[in-house]
1. What would the Debye equation give as log₁₀ I(q)/I(0) for segment 554-599 at q = 0.15, 0.25, 0.26 Å⁻¹, counting only Cα atoms as equal point scatterers?
2. Between residue 282 and residue 639, take the C-beta separation as r, use R0 = 51 Å, and let me know the FRET efficiency to the nearest 0.05.
3. Checking the a/c ratio against 1.5 first, then a/b against b/c, what shape does the Cα gyration tensor give for segment 555-646?
4. With viscosity set to 1.306 mPa s and temperature to 10 °C, compute the Stokes-Einstein D of segment 660-706, Rh being the Kirkwood radius across alpha carbon pairs; µm²/s, no decimals.
5. Just to be sure I understand the model, the point goes 7 Å from the Cα along the line to the Cβ. What's the resulting residue 443 to residue 143 distance in nm?
6. Where does segment 583-622 land on the Kirkwood hydrodynamic radius, alpha-carbon pairs, in angstrom?
7. Find the percent of Cα-Cα distances in segment 277-346 that exceed 13 Å, and round it to a whole number.
8. Give the Cα extents of segment 415-516 along the principal axes, in whole Å, largest first.
Amino acid sequence: MMDDVPPAGDIRSPLVGRASELDRLAGLVGVDADSSGATAVLLSGDAGVGKTRLLAELQDRAEQAGWRVLTGHCLDFGESALPYLPFSEAFGRLAAEEPTLASSLAASRPAIARLMPARRLLGDEQHAQGDRPERLDRADLFESVHAALQQLGGAAPLLLVVEDVHWADRSTREMLSFLFARNFTTPVSVVASYRSDDLHRRHPLRGAVAEWSRLGGVHRVDLTRLPDEAVRTLVQVLHGGPMPELALHRIVERAEGNAFFTEELVAAAADGGGPLPLELADLLLVRLDQLDDSSRLVVRAAAVSGRQVSHPLLQRVVDQPAMLDGALRTAVEHNILVPVGSDSYAFRHALLAEAVYDDLLPGERARLHAAYVEALSSGDIEGTAAELARHARAANDLPTAARASAEAGDEAFAVAAPDEAASHFERALELVLRSEVADVLHKQGHRLDPVELTAKAVKAATAAGNVLRAIALAQDQLDALPPDAPALSRAEVIQMLAGVAVQADSGPDVLALTSEALRLLPDAEPTPLRARILALHARATATRGRVDEATRWAEEALSIARRFRLADVESDASTTLARLEEQAGDSEQSRRTLEVAVAAARQAGVVGAELRGLINLGNIHYESGRLAEALQIYRAGWDRAREAGRPWAPYGLDSRVMAAQVAYVAGGWDLASELADPSAERAPEMANAYLTSVGLAVTAGRGDVSALD
């Protein structure tokens with residue numbers, strides 16, 4: 001629930017990940033302990049983090065323990081706030097639920113009657129008769145409230161909850177100061193909650209909180225963001241059914257531990273996704289409305305950059321140095337931006353940046369993106385190719401976006417981020433295929449070859465585990481070749497398609513592809529391309545059981561690979577020969593050949609070939625019943641895949657699945673469950689399905705029927 005809105009009836013979001021905080025809070029106020037003393041607690045946390053939900057649970061626990069609970073809320077009325085509003089609400093509820101007790105309090109303490117809601121309405125009987133009530137003495141009111149609470153605590157332990165104190169008027173803050181400073185002789189506990197992210201430097205509550213914290217009987221509890229695992233659980237509970245792993249991961253990532261944000265994002269996902277839900281966007285944009293015009297301009301410019309922006313880049317984009325520092329200080333004081341490092345600023349929450357960006361007018365957005373393109377292209381400001389590509393695309397500067405996307409793909413692949421690399425290459429390819437973009441690039445002297453971009457996109461998508469996507473990209477490129485395309489160009493594209501198809505369980509006929517590619521090559525001319533096609537042809541032939549023929553093709557590929565020092569092809573052909581040796585009945589020779597091939601691939605840094613060698617080496621041990629050795633090798637393959645940043649790539653994922661399977665067969669069910677659990681990772685759907693199937697087998701084997709529901 002939103003922290004500033006009390007729960008409606010009994011409809012509540014589930015309490016997830018807050019058991020320790022609830023226990024601590026209940027212990028501090030004395031609900032879970034034999035305590036006759038009084039305690040005050042200040043509960044703080046960001047908007048939406050779950051303060052109201054936690055307090056509702058605390059109130060339930062207190063009532064179940066025989067406590068009386070009074071609750072009051074501060075509301076955002078600005079300068080028109082009604083003094084002592086939460087106390088009027090608390091005593092008003094008491095009057096509604098226990099009128100005799102409330103009348104007794106009012107009779108003994110007349111000042112309490114003046115706080116009752118009926119006495120504060122327009123048209124109240126006394127005002128209607130034209131009577132002028134006597135002025136209420138402030139000290140008498142404070143003493144009366146204290147005495148009334150103490151009297152209630154004498155009948156039963158009392159919990160007074162005052163929510164959203166960040167909106168409290170001055171009189172309410174001073175009343176709380178009085179109650180916190182005075183001791184109660186009966187069991188009375190007061191809990192006051194507030195939004196910590198609302199307390200900018202000049203906020204009136206800031207000084208009060210500092211003063212209250214110095215009092216001996218006041219405890220502070222800061223409700224931090226939920227851990228990712230708790231958010232995952234909350235998403236699953238709220239969604240009420242299976243959700244694709246990538247969608248779940250995205251919600252966890254965007255919510256950043258905020259319970260209310262999680263609820264809204266789950267609801268939006270159920271409605272088909274799209275922009276931020278309106279209620280969530282409105283909540284976030286309230287902060288923007290509190291700023292002056294200059295600060296809003298700067299915050300909007302920062303939002304176009306994303307979650308974070310450097311000061312030099314923002315300065316170039318805004319181009320008003322005289323007002324920038326003051327505007328940034330205001331944004332920081334209002335907890336919209338936070339300083340990061342020595343020269344950057346970040347939005348306090350990524351969804352806040354998203355809400356501000358979505359609120360921009362189309363013209364504003366395009367102009368600001370263009371300003372970022374100009375600044376990043378100048379060479380004077382540090383930035384990445386990915387940043388430049390994003391801004392150029394949004395500014396409709398498509399030639400710049402194409403060049404930057406291709407460069408961003410190279411950068412991402414170089415730092416073992418294949419999924420991001422594939423996305424960048426695909427964007428570059430999409431733009432280059434537009435004739436108007438290609439013409440501008442040609443005039444500018446830039447060359448972006450669609451076939452080369454496709455090859456990079458296929459390689460990156462395969463490394464990211466999106467093999468079917470890689471097949472589709474390569475097939476599209478093959479279909480796009482004109483009928484009069486050079487034979488070698490067609491052979492290159494076919495080799496690209498066959499190279500990824502051979503790693504998938506579905507797709508085009510690899511043997512037919514490699515046979516066609518060999519027909520396109522000059523007869524018997526040893527070239528690197530021929531070596532690669534021969535290695536694939538040998539693998540495809542071996543799957544048909546034609547051992548002698550496959551051996552001949554693999555040996556020819558190996559010979560050419562050694563001539564041109566093609567380490568990946570050499571390792572791949574050696575692995576194929578090793579498997580053929582096993583098919584011929586010589587498992588030991590096959591094992592030795594594979595060990596040499598794996599070592600050579602590792603030394604050459606050819607990860608794909610190394611992983612293929614390891615999975616085949618593990619298979620030999622597994623098929624021979626040597627489970628411990630097989631498990632060790634499969635885990636080594638999985639570890640190597642993770643180390644190389646390609647855990648979902650073919651053979652890397654296979655190694656993990658097989659390690660889980662072998663652990664299950666060997667009775668190591670805890671290890672099998674651990675290996676088969678993709679919940680903490682952003683696994684592609686196919687990988688998630690493979691791992692989940694193994695996990696279900698372990699669950700079924702253990703007889704845990706409830707987990708299968």
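1. The computed values of log10 I(q)/I(0) come out as -0.34, -0.80, -0.84.
2. Between residue 282 and residue 639 the formula returns 0.60.
3. It is oblate, given that a/c is not under 1.5 and a/b is not larger than b/c.
4. 149
5. 8.8
6. After inverting the pairwise mean of 1/r, the radius is 10.1 Å.
7. 63
8. Principal-axis extents of the Cα atoms in segment 415-516, largest first: 42, 37, 18 Å.
The values are calculated or read from the model by the stated rules, or taken from the named source; none is laboratory data. Given the structure is predicted, the values throughout are model-derived calculations rather than measurements. Cβ sites come from the backbone with ideal geometry, for glycine too, and all protein chains shown count toward neighbours. Note: accessible area is taken over every heavy atom of the protein model, side chains too, but ligands, DNA and RNA are not part of it. Shrake-Rupley method; radii C 1.70, N 1.55, O 1.52, S 1.80 Å.
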